[in-house]
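Notes for the one structure printed next.
The values are calculated or read from the model by the stated rules, or taken from the named source; none is laboratory data. Note that the structure is predicted; figures quoted are calculated from it, not measured. For neighbour counting, all protein chains shown are included, and Cβ atoms are generated from backbone atoms with ideal geometry for every residue, glycine included. Note: areas computed on protein heavy atoms with side chains; ligands, DNA, RNA excluded. Shrake-Rupley method; radii C 1.70, N 1.55, O 1.52, S 1.80 Å.
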Amino acid sequence: MAPLRKQRDYRRLWSARTISVTGSEVSKLAIPLTAVTTLTASPSQMGLLTAAASIPALLFGLQSGAIADRLTRHRPLMIACELVSCAAAAAVPMAWLLGVLNITWLIVVALVIGTAGVLFRAANFPHVAAVVSPAQRTEAMAGLHASYSVASVGGPGLAGLLVQFLTAPLAVLAEALSFLTSALLLRTIRTPEQNEPTHSRGMWRDIVEGLRASVTNPALRALLGAGVTINFFAMVYTAVYMLYMLNTLNIPKALIGVLIAIGGVGGLLGAWATARLAKRYGENRVLRGAVLLFPVEILAVGLLTGPLWWKLSLLALTGAIAGAIVVAFATCMGAITLRESTPELRGRVNATMTFAIQGVLALGGVTGGLLAEYLGLRPTILICAAGMALSSIWIWASPLGPRKHPNSQHCQQHHQHIHSPSPETPS
């Protein structure tokens, strides 16, 4: 079996995701700037525009998994989603050039792209299983998560340049081109798909079946609980991060973007390390280590004091570590979810996980603002560290933990079968 880096179809899939998410990073800056500078949007309009990007995950997240499980081939849906997103993104500069662009137009575009993205992710998860052999899935997941780290490092800088030289509305063209390029790359993948479509008993029953599988399987339930816990407190942290950096730690504004980019570099290193660590020790051990380290980074930030050079040094170090931990956790979570869910339920189990883990973000953001208002910024950061520690309980007390539970022997045997040492893994 050839290493992933030599597998043409995986390279095409990875390249498609990297280009697509980099274009999305550009639009995260270009679309809000278009609303503010070109359309003079009000705060309430900006709130609606921001919410429009996440609403599709809540409205269609569970249904998307049921749709994915009904398909014999997932790639055509993925290509269609990218083409629809391309047309929606291209509509922004077109409307601007025609003089008809307004906030409603931007909100509709955000809703369309968000909905297409939800469907794409639901189909992409089981599609990875078709392109990559079971023994290489963890490495493949690590590579795909590295795409987001690449985008987080290069996307904002590219966005700044495009906005500077093309204006914000025209910079959105970069996103349209990235979606189109992704669709063309996906079209060239040759690996045949042989998915056995689920016999549907109706949308609601299909969704309930996915929910039941996610909460009755002890390993999947642990991943779900840990993921929700981590994302809730991560969003509490995100809600106060900028204020904490500026007002409490007195970090210069120009350096905050550099610190965020360092987190992306950490994510790349995390993807590289996770594939190798998981091959040697297994995803379960890497996952246990990741959840233990989550609160350490936030605790260090919450207790940080001292001169500026010391604060910047520690923030850079912890940011890189945090980026690596996030990728390690997400990679192992994806690989274990593939391992623990049956092929006919993969789309729905993944959609259930995504729905719950993404759905809690809004609640975390509101909670972060309220805690900071009444308790202060530093206490809120420390609460986040304590909350993050709860995720370890979910993992360590489950079959994914070190103890031999009734189910864990089967999981361990299955795990050893998938990840028996083989010479073909490094990429």
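Here are the numbers for the structure shown:
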read-out: Cα-based shape type of segment 127-169, given that a ≥ b ≥ c are square roots of the gyration tensor eigenvalues and the cut on a/c is 1.5; value: prolate
read-out: Trypsin sites (Lys or Arg not before Pro) restricted to segment 171-214 and DSSP loop, no more than 14 other C-beta within 10 Å; value: ARG190, ARG201
read-out: Cβ-based charge dipole, the chain, positive-most Cα from LEU287, CYS86, LEU246; value: LEU287
read-out: Hydrodynamic radius by Kirkwood, which averages 1/r over all alpha carbon pairs of the chain, in angstrom; value: 22.3 Å
read-out: Value of D in µm² per second that Stokes-Einstein yields for segment 150-276, Kirkwood Rh from Cα pairs, at 20 °C (1.002 mPa s); value: 109 µm²/s
read-out: Residue with peak Gaussian network fluctuation, the chain [Cα springs, cutoff 10 Å], from THR274, THR34, THR198; value: THR198
read-out: Listed residues THR216, THR248 arranged by accessible area, highest first, probe 1.4 Å; value: THR216, THR248
read-out: Per-residue ³J(HN,Hα) for segment 219-227, Karplus 6.51 cos²θ - 1.76 cosθ + 1.60, θ = phi - 60°, Hz, x for Gly and Pro; value: 5, 5, 4, 5, 4, 5, x, 5, x
read-out: Under-25-angstrom lysine pairs by C-alpha in the chain, whenever the two are 8 or more apart or on separate chains; value: 4
read-out: Förster radius 35 Å - calculated FRET efficiency between ASN247 and LEU161 (Cβ-Cβ, nearest 0.05); value: 0.75
read-out: Fraction of accessible area attributable to carbon and sulfur, the chain (%, probe 1.4 Å); value: 69 percent
read-out: Solvent-accessible area per residue for the chain (1.4 angstrom probe, square angstrom); value: 45 Å²
read-out: Segment 1-125 - percent relative contact order, Cα under 8 Å, separation 6 or more; value: 35 percent
read-out: Tensor-based shape of segment 319-375 (alpha-carbon gyration tensor, a/c under 1.5 rounded, otherwise prolate or oblate); value: oblate
